[in-house]
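Enquirer: I have a structure I would like to understand better, so I am pasting it below and will then ask my questions one at a time.
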Amino acid sequence: MQVPETNDEGIHTVGPADVERSLVEWLRVELEDPEITGADNFLDISGHSLTFSKLNQFLGDSFGAVLDMKTTYEEPLNVAAAKTQPVEGATPITR
């Protein structure tokens, strides 16, 4: 069981594993493929530019972060998730 990350004020924050888990779950539903894992490549699972745009909208709304297109297209999903960048002006979710 993963322990949530905690900031200096003791507030649980969202970590890279949370982003990866949500990203994979979202793609499984969107692409109707329950076998997608973090080790998969976005393009190999039939991801395309519209899927990428919708996924980034989801991540921006959920986590205040977005994926880099080049990284997402060239690396496994878990690497892309670990390299998310904050959306300018967004407030990440805290728990």
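Enquirer: For residue 66, which sequence-distant residues (separation of 5 or more, or a different chain) have an amide H within less than 5 Å of its own amide H, given hydrogens modelled in the peptide plane?
Expert: 85, 87
Enquirer: Using DSSP to call loops (not H, G, I, E or B), can you name the GluC sites (Glu not before Pro) in the range 17-47 whose Cβ has at most 11 other Cβ atoms within 10 angstrom?
Expert: Passing sites in the range 17-47 are 32, 35.
Enquirer: Mind giving me the nanometre distance, one decimal, between the label points for residue 88 and residue 28, set 7 Å out from Cα along Cα→Cβ?
Expert: Label at residue 88, label at residue 28, 3.6 nm between them.
Enquirer: Here is a follow-up. How much length is gained if the chain between residue 50 and residue 69 is pulled fully straight, taking 0.36 nm per residue apart and subtracting their Cα-Cα distance, in nm to one decimal?
Expert: 5.7 nm
Rule-based calculations on the coordinates, nothing more; no lab input. What you see is a predicted model, and the numbers here were worked out from it, not measured in a lab. Backbone-built Cβ (ideal geometry, glycine too); neighbour counts: all protein chains shown.
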